[in-house]
Amino acid sequence: MTINFTEGDERRALREAVAALAGKYGHEYFAAKARAGEKTDELWAEAGALGYLGVAVPQEYGGGGGGIGDLAAVCEELARAGCPLLLTVVSPAICATVISRFGTAEQKRRWLPGFADGTTKMAFAITESDAGSNSHKLATALHRDGDEWVLNGGKTFISGVDEVEAVMVVARHVDATGRRLLPSLMIVPTDAPGFTYQHIPMEVLSPEKQFTCFFDDVRLPLDALVGSADAGLAQLFAGLNPERIMAASFATGMARRALDQASEYARTRTVWDTPIGAHQGIAHPLAQCAIQVELARLMTQKAAALYDAGEDRAAGEAANMAKYAAGEAVAGAVDQAIQVHGGNGLSSEYGLGAMLAASRLSRIAPVSREMILNFVAQHTLKLPRSY
């Protein structure tokens, strides 16, 4: 099988179309919605109606039949236009992908058409306060009681719970003796009795909020279980690899926006009779950032191509590397863009200050740079495990 790491005409056309749509809204729209505590429903609905959110959903369910690389391109162009929609990383990427690959026939009929046209939003819940990056310590528990599943536990830093129909929850099966078994994925409606959630105030300017979720004897039908009970980590990583690819695209989109702004400012801002961009003290750091962003984009394209080709193991390695590279690139690009702007870099007019916290988040979530370095050291370099 030939794996192509470059983008064809259709992908480039998709990028142009998404950029045109997002340009109608722009950063001012996004920031105004966030500051007012409102949602970007108009942009999401239009992107869904045009097929951009469902570009990776199988055609038989109303989607575009593309791959995660196409959806990553959508995510990146939205972010570059100043509208980084966090739920694109979660709902169509993680949840729709998992259901497409592992869901039952009924689950696919129930959920995929809504993912295809953007009328369905679903959150994803894996992180727990006492587990952190150690997914083996997940305590959210699942056991069967007759013809129902019973879910108990909690999750934290879960995006968009207040605007979704359901949450895909990672929980570990527990047997009659209390022994924890394999993890599974459960689709939990947000209105299920016993399911509550609490907003976590954040310094990141975003319409999409973060929440702590609580599951107290939440009873679910047997078909709430995605796929089979013994699939374990295979189903989980079917969603986590796309998550890393999408997070990388989210970051490189923001980085490109920051560089666009910084470059325009450096071309037009004149001090001592010449544009500041003519000085190497300004030009060289921006050029270095541009190189790092392009390298991260290329690695992201490689990860997406490998994933779409079914090379899950190789895609996992590439997706982690892409996520690391993109997180470093966006943090550097936003920081340098602020420096180029001087005092204007922290003014509300330019919007770069608001990007600072968001860019920093890319080095932490959905997996920290330290855990990626651990992964690369162990799996790529074959070094002894350090933790």
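Quick one: length gained pulling R179 to H379 fully straight, 0.36 nm per residue minus the C-alpha distance? Please list the in-between numbers first.
On the way: separation 200, 0.36 × 200 = 72.00 nm, distance 2.94 nm.
My answer for the length gained is 69.1 nm.
Over the chain, what is the relative contact order in percent, taking alpha-carbon pairs closer than 8 angstrom and at least six residues apart? Write down the numbers at each step before the final one.
On the way: 755 pairs, mean separation 61.0, N = 387.
Rounded, it is 16 percent for the chain.
Name all residues of the stretch 194-228 having a backbone nitrogen under 11 Å from the label point set 7 Å from the Cα of T104 along its Cα→Cβ direction, giving them as ranges.
221-228
How far is helix 352-361 tilted, in degrees, relative to the longest principal axis of the Cα atoms in the chain, given as a value from 0 to 90 rounded to the nearest 10?
Once rounded, the angle reads 40 degrees.
Can you pull out the GluC sites (Glu not before Pro) in the stretch 1-98 whose DSSP state is coil and whose Cβ has at most 12 other Cβ atoms within 10 Å?
Sparse-neighbourhood loop GluC sites (Glu not before Pro): E38.
Work out, step by step, the length gained on full extension between E46 and L295: first 0.36 nm times the residue separation, then minus their alpha carbon distance; give nm to one decimal.
Details: separation 249, 0.36 × 249 = 89.64 nm, distance 3.13 nm.
That pair, E46 and L295, stretches by 86.5 nm at full extension.
Calculate log10 I(q)/I(0) of the chain for q = 0.11, 0.12 Å⁻¹, where I(q) comes from the Debye formula with a single equal point scatterer on each Cα and nothing for solvent.
Result of the Debye calculation: -0.77, -0.91.
At 222 nm, what value in deg cm²/dmol follows for the chain if DSSP H runs of at least 4 each add -39500 (n - 2.57) and the sum is divided by all its residues, to the nearest 500? Could you put the intermediate results ahead of the total?
On the way: 11 runs with 185 residues, N = 387.
Taking each H run of at least 4 residues, the total per residue is -16000 deg cm²/dmol.
Determine, for the chain, the count of lysine pairs separated by eight or more sequence positions (or lying on different chains) whose alpha-carbon distance falls under 16 Å.
Total qualifying Lys-Lys pairs in the chain comes to 9.
Which shape class, rounded, prolate or oblate, goes with the stretch 280-336 when its Cα gyration tensor gives a ≥ b ≥ c as root eigenvalues, a/c under 1.5 marks rounded, and past that a/b bigger than b/c marks prolate? Don't jump to the answer; show the numbers that get you there.
Values: a/c = 4.81, a/b = 2.98, b/c = 1.61.
It comes out prolate by the Cα gyration axes.
When only Cα pairs under 8 Å and 6 or more residues apart are kept, what is the percent relative contact order across the stretch 230-387?
Computed value for the stretch 230-387: 27 percent relative contact order.
I'd like the FRET efficiency for H279 and E10, computed as 1/(1 + (r/R0)^6) with the beta carbon distance as r and R0 of 51 Å, rounded to 0.05.
E between H279 and E10, to the nearest 0.05, is 0.80.
Relative to the longest principal axis of the C-alpha atoms of the chain, give the angle of the C-alpha long axis of helix 68-80, reported between 0 and 90° and rounded to the nearest 10°.
For helix 68-80, the angle is close to 50 degrees.
For the chain, find the longest principal axis of its Cα atoms and tell me its angle to the long axis of helix 312-341, 0 to 90°, nearest 10.
40
Any read-out appearing in this document is the output of simple, stated calculations on the displayed coordinates, not a laboratory observation. Note that this is a predicted model, so its numbers are computed, not measured. Methodologically, a virtual Cβ is constructed for each residue, glycine included, from the backbone with ideal geometry; neighbour enumeration extends over all protein chains shown.
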